[in-house]
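Report on the structure given below.
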Amino acid sequence: MPKLSIITINYNNGKGLHKTIESVIGQSFTDYEYILIDGGSADESKQIIEKYKDRFVYWIAEKDNGIYDAMNKGIDKATGEYTMFLNSGDYLPDKNVLLEFSKVSTATTADIFYGNILLEDADNEIKDHEYPSALSLDFWKIYTINHQAAFIKRSLFTEIGKYDMAYALAADYAFFLKCFIYGKLFSHINKQLVYFKLDGVSGENKSQYQLQMQQAWNNITPGYLKLLYTEHHDFTLMLKHRIMILAKNLNRQYGRLKKTFR
């Protein structure tokens, strides 16, 4: 089983696809499998896929039902311990990004590792966007992390479920929120892991994306709180859950200190 499954989805973005692929195959870390899901592109993507087809353990070019349908197809074919979703047009900024993930994931236990991003805005200005080292429920009420800069334990898609296509723009947010409230451990990698351009579907439909985030919050968190307070009429369920999260966080901090003073 490879350490990592990298999944790239693409639709009519041949130029971006080429850059994404080159950033992956140029990595110094090679214990990964590469999966490509194309939505039936009619541009130069066909030629690019043909050029690099030997680099993929699996690839397909067929019509799909949107971004998250394509990502779910990739999940179905993945065999790695962790998954990374690097959409066409996004790329790894240097050759040691995956090596850094390997080092951190070997030293630290986590369900999801997430890093910082280099963000190109609508004015073509590149900004370094850093995420907090610790995430709270208040954070998720307003923000999310970037799925292109996240390494997600593949088993979570069995336990939590794959991307919910009811959220056509914000299924990644809904998935991360579910993972958080069910006590999955997030660990921050304080490094710029991906170059992300704000010209994707969520960037072009920001207001709609934010609306779907709010819908996901409203749909997911009340059921979670109800579960904590009413299941078996046992208040200790909530207490056990919070203790579990605290223990995971303490274990993470211990791992970091141990690595620092080694």
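Identify, please: which residue in the range 135-156 is in a loop (DSSP other than H, G, I, E, B) and more than 13 Å from Y173 (Cβ to Cβ) and is, among those, modelled with the lowest pLDDT?
Checked the range 135-156; the qualifying residue modelled with the lowest pLDDT is S136.
Name every residue in the range 162-184 that is over 14 Å from the mean Cα position of the chain (by Cα), hydrophobic (A, V, I, L, M, F, W, C) and under 18 Å from L135 (Cα atoms), in order of residue number.
I181
Kindly provide the set of residues from the range 59-77 that are closer than 14 Å to R154 by Cβ and among the hydrophobic types (A, V, I, L, M, F, W, C), ordered by number.
M71, I75
Here is a list: E204, E159. Which entry is over 15 Å from the mean Cα position of the chain (by Cα), at pLDDT 90 or above and of a type in the set (D, E)?
Testing whether each residue is over 15 Å from the mean Cα position of the chain (by Cα), at pLDDT 90 or above and of a type in the set (D, E) leaves just E159.
Give the residue that is surrounded by the most Cβ atoms within 10 Å (Cβ to Cβ), with candidates limited to residues of the range 146-181 that are without any contact (Cβ under 8 Å) to a residue 40 or more places away in the chain and not charged (D, E, K, R).
F175
What number of residues within the range 105-134 are closer than 20 Å to L185 by Cβ and either crowded, with 19+ Cβ neighbours inside 10 Å or aromatic (F, W, Y) (or both)?
Looking only at that region, the number is 10.
T8 - would you say it is within 15 Å of the chain's Cα centre (by Cα), of a type in the set (V, I, T) and at pLDDT 95 or above?
Here the answer is yes, as T8 does meet what is asked.
State the number of residues belonging to the range 91-131 that are more than 13 Å from the chain's Cα centre (by Cα) and within 29 Å of N205 (Cβ to Cβ).
Total meeting the criteria: 18.
State which residue is nearest to F85 (Cα to Cα) when the search covers only the range 32-71 and only residues that are touching a residue at least 60 places away in the same chain (Cβ under 8 Å) and surrounded by 13 or more Cβ atoms within 10 Å (Cβ to Cβ).
Across the range 32-71, the extreme among qualifying residues is M71.
The values are calculated or read from the model by the stated rules, or taken from the named source; none is laboratory data. The model shown is predicted, which means the values in this text are computed figures rather than measured ones. Positions of Cβ are generated from backbone atoms using ideal geometry, with glycine treated the same way; all protein chains shown enter the neighbour counts.
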